[in-house]
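Structure first, then comments.
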């Protein structure tokens, strides 16, 4: 039996800061590629350890793919292709920062898939839907009935579409997107 690979990216560095101004609350946020946790100065282990772990989990859940590599994206795509499609794999798949109008793209001739890095913060099931969509294009270029039948094998496709519509509106409102898909 093959060893299972852990699909989760390695934890980012965590910096714990203590604040004299904080009396009751703690917070955590991303600063570059580090999770910064700010605790009240009085808080000590084991309470502070539990608080740090809880806040780091919460921050990671907000942006689950932030530290995901192209190799991890490729492994995820291979798993999805085997589970929901006929197993056709791209020649390459990678995160890109220059896609602002599309969630993903597929070049049929070269079999290259590109995924917008804006999706680094979406839940796994939403990213999976985008990957299944792009992988299906390797078999069917157009959004034909055959294509729709393939992508509909993914059980949360409609739900992911609804999520992405709302996500695009949020990005537009924040001024970081020029439009959906």
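Worth pointing out:
- The slack between residue 144 and residue 107, meaning 0.36 nm per residue of separation minus the straight C-alpha distance, is 11.6 nm.
- For the stretch 68-130, fraction of C-alpha pairs farther apart than 13 Å, in %: 61 percent
- Among 49, 128, a tally of other beta-carbon atoms within 10 Å of each Cβ gives an order, fewest to most, of 49, 128.
- With contacts taken as Cα pairs under 8 Å and at least 6 residues apart, the stretch 70-174 reaches a relative contact order of 25 percent.
- Mean shadow area of the stretch 14-62, taken as a quarter of the surface of its Cα convex hull (nm²): 3.2 nm²
- Rg over Rh, two decimals, the stretch 70-174 (C-alpha only, Kirkwood Rh): 0.94
- FRET efficiency for residue 79 and residue 17, using Cβ-Cβ distance with R0 set to 22 Å, rounded to 0.05: 0.05
None of the figures in this text is laboratory data; all of them are computed from the coordinates on show. All values reported here derive from a predicted model rather than from experimental measurement. So basically every Cβ, Gly included, is an ideal-geometry build from the backbone, and we count neighbours across all protein chains shown.
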